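J.: My questions will all concern the structure given below.
The values are calculated or read from the model by the stated rules, or taken from the named source; none is laboratory data. Small disclaimer: the values here were computed from a predicted structure and weren't measured. FYI the Cβ positions are ideal-geometry reconstructions off the backbone, even for glycines, and counts take in every protein chain you see. SASA here: full protein model, heavy atoms, side chains in, ligands and nucleic acids out. Shrake-Rupley method; radii C 1.70, N 1.55, O 1.52, S 1.80 Å.
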Amino acid sequence: MNRKKILAISGSTRINSINSAYIKALSELYADRLEIFVYKDLSGLPHFNPDHDIEPAPEAVADLRKQLRAADGVLICTPEYAMGVPGTLKNAIDWTVSSCEFSHKPVMLITAASMGEKAHESLLGTLKIIEANVAETNLLIPYAKTKISTDTKITDAETLGKIKEIMRIFIETIGK
Ligand SMILES: Cc1cc2nc3c(=O)[nH]c(=O)nc-3n(C[C@H](O)[C@H](O)[C@H](O)COP(=O)(O)O)c2cc1C
């Protein structure tokens, strides 16, 4: 089967990140249908500055944009920091506003945090304004640490059910 290419971005750069664990769990669950590449340079991006948002783009920015363009869809898994979106993730997205890589791109957004409501809502607003296709493919997972095992299996049946439902829509959207 021709697997679709998904670029996964973890909003946490922590080594033992729960969000990275959710990405790994999804990579394993959907290995037959999706080829999930993890974006590795979130910390390497320069701070967004509109003065530098010109051609040629900084090398790390050009690389992010290229990886986004090459992907059939994007999976974002992020924590909430201080009632908001982690700065590193927002920084990466800001670099794509003028270049429009998210425009009409199928995006699956998971906010996996202790609570996460504010970050989820805020990121949904950002993704919508840059025209990402995310309205039906987003999920907030509160108490996220308690719902995944150390060997990256999603252990909470309700969460797994919701993930499967939005993943079904995500895969369907990518296939269109
Ligand atoms: C600096 C900092 C601020 C945080 N603020 C919030 C918050 O406002 N709301 C929340 O739900 N969780 C908050 N958390 C908890 C994280 O969402 C939680 O630890 C999450 O699992 C971190 O994701 P990670 O494991 O992928 O790194 C915060 C964590 C840190 C380190």
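J.: So if I take the centroid of the Cα atoms in the stretch 1-47 and the same for the stretch 50-77, what is the distance between those two points in Å?
T.: Cα centroid to Cα centroid, the span is 16 Å.
J.: Report, by chain and number, residues whose modeled amide H sits under 5 Å from the one on residue 138, excluding near sequence neighbours (fewer than 5 apart, same chain).
T.: Sorted by chain and number, the residues that satisfy this are 109.
J.: What pairs in 90/145; 4/24; 24/164 have C-alpha atoms more than 19 Å from each other?
T.: 90/145
J.: Place a label point 7 angstrom from the Cα of residue 122 along the Cα-to-Cβ direction, then list the residues of the stretch 41-77 whose backbone nitrogen is under 20 Å away.
T.: Answer for this model: 42-50, 76-77.
J.: Hey, what angle do you get for helix 59-70 against the long axis of the chain, alpha-carbon based, 0 to 90 degrees rounded to 10?
T.: Here the helix axis deviates by roughly 50 degrees.
J.: Could you tell me which of rounded, prolate or oblate describes the stretch 86-137, using a ≥ b ≥ c as the square roots of the eigenvalues of the alpha-carbon gyration tensor, with rounded for a/c under 1.5 and, failing that, prolate when a/b is larger than b/c and oblate otherwise?
T.: Taking the square roots of the gyration eigenvalues as a ≥ b ≥ c, the stretch 86-137 is oblate.
J.: Using 7 Å Cα-to-Cβ label points, what is the residue 16/residue 100 separation (nm, one decimal)?
T.: Calculated label separation equals 4.5 nm.
J.: The chain: longest stretch without exposed GluC sites (Glu not before Pro) (DSSP loop, at most 13 other Cβ within 10 Å), sites themselves excluded?
T.: 1-130
J.: Let me ask something else. Order the following by accessible area, largest value first: 77, 100. Probe radius 1.4 Å; ligands, DNA and RNA are ignored.
T.: 100, 77
J.: Any chance you could list the semi-axes, whole Å, largest first, of the equivalent ellipsoid that the Cα gyration tensor gives for the stretch 51-157, using √(5λ)? Could you put the intermediate results ahead of the total?
T.: Values: eigenvalues 144, 42, 37 Å².
Listed largest to smallest, the semi-axes of the stretch 51-157 are 27, 14, 14 Å.
J.: Looking at the chain, what % of its DSSP beta bridges pair antiparallel, to the nearest 5? All intermediate terms of the calculation are to be shown ahead of the outcome.
T.: Values: 2 of 22 bridges.
Antiparallel bridges: around 10 percent, rounded to the nearest 5.
J.: Related question: Within the stretch 85-121, which residues have the backbone N less than 17 Å from the label spot 7 Å out from residue 65 along Cα→beta-carbon, could you tell me?
T.: Once the point is set 7 Å along Cα→Cβ of residue 65, 91-105 turn out to lie under 17 Å by backbone N, inside the stretch 85-121.
J.: Around residue 113, which amide H atoms from residues at least 5 apart in sequence, or from another chain, sit under 5 Å from its own amide H, with H modelled in the peptide plane?
T.: 141, 143, 144
J.: Excluding ligands, DNA and RNA, what is the solvent-accessible area per residue of the chain at a probe of 1.4 Å, expressed in Å²?
T.: 52
J.: Over the alpha-carbon set of the stretch 19-113, divide Rg by the Kirkwood Rh and report the Rg/Rh ratio to two decimals.
T.: Result for the stretch 19-113 is an Rg/Rh of 0.97.
J.: Once you list every other residue whose beta carbon is under 9 Å from the beta carbon of residue 64, what net charge do they have if Lys and Arg are +1 and Asp and Glu are -1?
T.: Charge balance in the 9 Å sphere: -1.
J.: For residue 54 paired with residue 168, estimate the spin-label separation in nm (one decimal), with each label point 7 Å from Cα along the Cα-to-Cβ line.
T.: Going from the residue 54 label point to the residue 168 one covers 5.1 nm.
J.: Now, a different point. So what is the relative contact order for the chain, in percent, with contacts set as C-alpha pairs under 8 Å and at least six apart?
T.: 23
J.: Would you tell me the accessible area of residue 63, worked out with a 1.4 angstrom probe on the heavy atoms of the protein chains, in Å² to the nearest 10?
T.: Residue 63 has an accessible surface of roughly 60 Å² with all protein chains in place.
J.: Compute the label zone of residue 160 within the stretch 1-36: residues whose backbone N is under 16 Å from the point 7 Å along Cα-to-Cβ.
T.: Under cut-off, by backbone N: 22-31.
J.: Short version: ³J(HN,Hα) in whole Hz for each residue of the stretch 105-119, in order, from phi by Karplus 6.51 cos²θ - 1.76 cosθ + 1.60 (θ = phi - 60°), x for Gly and Pro, what are they?
T.: Values per residue, Gly and Pro as x: 7, x, 10, 10, 10, 10, 9, 10, 8, 5, 10, x, 4, 5, 4 Hz.
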